[in-house]
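Trainee: To start, I am sharing the structure in question, which I have written as structure tokens.
Each reported figure results from applying straightforward, stated rules to the coordinates on display, with no laboratory input. The structure displayed is predicted, hence computed values, not measured ones. Cβ placement follows ideal geometry from the backbone for every residue including glycine, while neighbour counts extend to all protein chains displayed.
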Amino acid sequence: MAISSSSSSSSMQDMFKQRKYPFIFSLFLLLIFVTFLLISNSQKSPIFAAIDFAQRTALIKSVPGFNPNSISTSTSTNLHQSDKNNNTSINRESPLNNVRIDPQSSNIPLKINPEKSDMIISDELETFSYHWKLCPGPLAVDYIPCLDNWKAIKKIKSRRHMEHRERHCPVPSPRCLIPLPKGYKLPLPWPKSRDMIWYDNVPHPKLVEYKKDQNWVKKSGEYFVFPGGGTQFRDGVNHYIEFIEETFPTIQWGKSIRVLLDVGCGVASFGGYLLDKNVITMSFAPKDEHEAQIQFALERGIPATLSVIATKKLAFPDNVYDMIHCARCRVHWHADGGKPLMELNRILRPGGYFIWSATPVYKKDEGHKNVWKVMVNLTEAMCWKMVARTFFKRGRVGLVIYQKSDSSSCYENRKENIPPMCDQKKNRLNSSWYTPLDSCLLPLATSSYKWPAPWPQRLNTKPLSLMLETDAEETFNEDTRHWASLVSDVYLGGLAINWSTVRNVMDMNAGYGGFATALIDQSLWVMNVVPISGPDTLPIIFDRGLVGTYHDWCESFNTYPRTYDLLHSSFLFGNLSQRCDLVDVAVEMDRMVRPGGYILVQDTLQMIKQLGSILRSLHWSVTLHQHQFLVGKKDFWRPKDIARE
């Protein structure tokens, strides 16, 4: 029976007259509860787990990737797209929000078709107008702003300690675009790229002649071919790796030894072949007369970065590398009172190993014997134990393996406090960015140091560097689950990204490394970047068996142009835009990404609009998903005009 509005009104009046307030109040609460259940069921998302950040400590709350604004309230399924002719076909049954911004048109509205979305954005994409120009000069194709600032470099009074190879960033940041090499092609896929790359992509033949007797690289038609040779392993890096294993069987590649630093790496064949043994190597070298060695490494798909041991610390945390390797890396470890070797001691994990493959290990002339004597005295003073010294007849290579002390007992029993111990009261978080080299040793725990769990268990085991707050481990585990779900449900299956073309990946604000962890089974590697303006989570990333570095995104990154296939960030740009211009950051992203490569950004709609408008002016195609995921794809477009020098 239908109830009329008049009778309903009369019943309500009778209830108030009889003062049945408890019943009315209970009915009101029941109504609110039912409404809440209906809303919750209609908005539940299988992608995200809602986290109460109000109960987190201030530091944990600020970790990237755990932003309350990142919690989605819309249902998500796979998005079916086709990239042919820049057209996008959308599954009409999928409520995943999607819009493609065509870079060829102007004043493009950022609107969603209501038939294909559960929300509509009525605002238009902000119009960004800028007359882009190419960077000038014959060397512009490989321009690295903070390493090629010749005006600043010319003013350096001394180059004795390689000061000219360090960072000297221009102010303001240049807003010119990097030209493409003539004949540039999409890179060869991994693992083929480990052994050969397109010549036209890195057209620098100097190393072919300069290192022809060491089998670094050879030219074969339209390719560069990498036979796997090096200064200390002319007959092939595999024989050299086996020789190290035979010399010191305690080294268990890919188990206890997972994260390695290769100093003066050449074209990174050592690190490239160790990938087969589940060892991830951060290969580094300066931008010097060994033309484009790091560019070769990254074009091959091998983890690498530009850096130098000069007057400043390396951009890594204390006590993180399982092993450090130097094969005639041309670093004078005993120079300046031993500061270069003390820098290795700083970043080497307690109980970790240093492999020094060099001529002073085995040559008997006076000069080499003097160097060896100085190294013996220095390593003993640093409490490094020599665990092996040998000569490889087949390769005519001598090497020595040192082990860093894992407790403070040796330091306490030294006859002289030289080198001295570093000040324990000094705050060392993020302390390596633009910081002078130490001439002291880091204090160690009084008891024996605990080594990380064997790989691959260490990836998801509680990191040794995790904070001691009561909910820190819970937050870490939640972060891991969050990224596992987001990557599997959205990133890999629901976005317009061809992951088969992605090899070199950078997470611009890596947090705990959850994004990289979720991608561990993919055929790619991730450079985990921890911004210096945020929480210092980089030691945790290394504890997990991953690699990364510190950086300030208001400056250019130490890499060649066109070296990454995908850049990722999660709620990075809000705070960053308060410190520097988003346009400069976009120009740097355009410099680092290869043609055909991507950026994947999770952020607020406001930041996505701003970034999307800048990328559109750079002729990137831009796609929006769920009003919080921006996918940009770079093409081959470059402006015709050239900036003034």
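Trainee: Report relative contact order for the stretch 142-205 in percent, whole number only (criteria: Cα-Cα under 8 Å, sequence separation at least 6).
Mentor: Computed over the stretch 142-205, the figure is 28 percent.
Trainee: Determine the alpha carbon to alpha carbon distance for each of LYS313/LYS609; LYS287/LYS415; LYS206/LYS313 and list only those over 32 Å.
Mentor: Beyond 32 Å between Cα atoms: LYS313/LYS609; LYS287/LYS415.
Trainee: So how do 625-635, 480-490, 137-147 stack up, highest first, on mean other-Cβ count within 10 Å?
Mentor: 625-635, 480-490, 137-147
Trainee: Using the crude model of +1 on Lys and Arg Cβ and -1 on Asp and Glu Cβ, and no other charge, please compute the dipole size for the stretch 233-412 relative to its Cα centre, in debye to 20.
Mentor: Dipole of the stretch 233-412, to the nearest 20 debye: 280 debye.
Trainee: Applying the Karplus parametrisation 6.51 cos²θ - 1.76 cosθ + 1.60 with θ = phi - 60° to the phi angles of the stretch 293-300, what ³J(HN,Hα) value in whole Hz is obtained for each residue in order, glycine and proline being reported as x?
Mentor: 4, 6, 5, 4, 4, 6, 5, 6
Trainee: Ranked highest first by the average count of other Cβ atoms within 10 Å around their residues, in what order do 254-267, 493-506, 608-621 fall?
Mentor: Per-residue mean Cβ counts within 10 Å order the peptides as 254-267, 608-621, 493-506.
Trainee: With θ taken as phi - 60° and the coefficients 6.51, -1.76 and 1.60, list the Karplus ³J(HN,Hα) couplings across the stretch 339-348 in order, rounded to whole Hz; mark glycine and proline as x.
Mentor: Residue by residue, the stretch 339-348 yields 4, x, 6, 5, 5, 5, 4, 5, 8, 7 Hz.
Trainee: For the stretch 353-470, build the charge dipole from Cβ charges (+1 Lys, Arg; -1 Asp, Glu) around the Cα centre, then report which of ILE401, LEU468, SER447 sits farthest towards its positive end.
Mentor: ILE401
Trainee: List the residues whose amide H sits under 5 Å from the amide H of HIS551, counting only those 5 or more places along or on another chain, with H placed 1.01 Å from N in the peptide plane.
Mentor: Amide H to amide H, under 5 Å and 5 or more residues apart or across chains, HIS551 pairs with VAL530, ILE532.
Trainee: Output wanted: per-residue J couplings in Hz (rounded whole) for the stretch 136-141, from phi through Karplus 6.51 cos²θ - 1.76 cosθ + 1.60, θ = phi - 60°, x for Gly and Pro.
Mentor: Values, residue by residue: x, x, x, 9, 5, 5 Hz.
Trainee: List THR281, THR475 from most exposed to least, where exposure is judged by having the fewest other Cβ atoms within 10 Å.
Mentor: So the ranking, lowest neighbour count to highest, is THR475, THR281.
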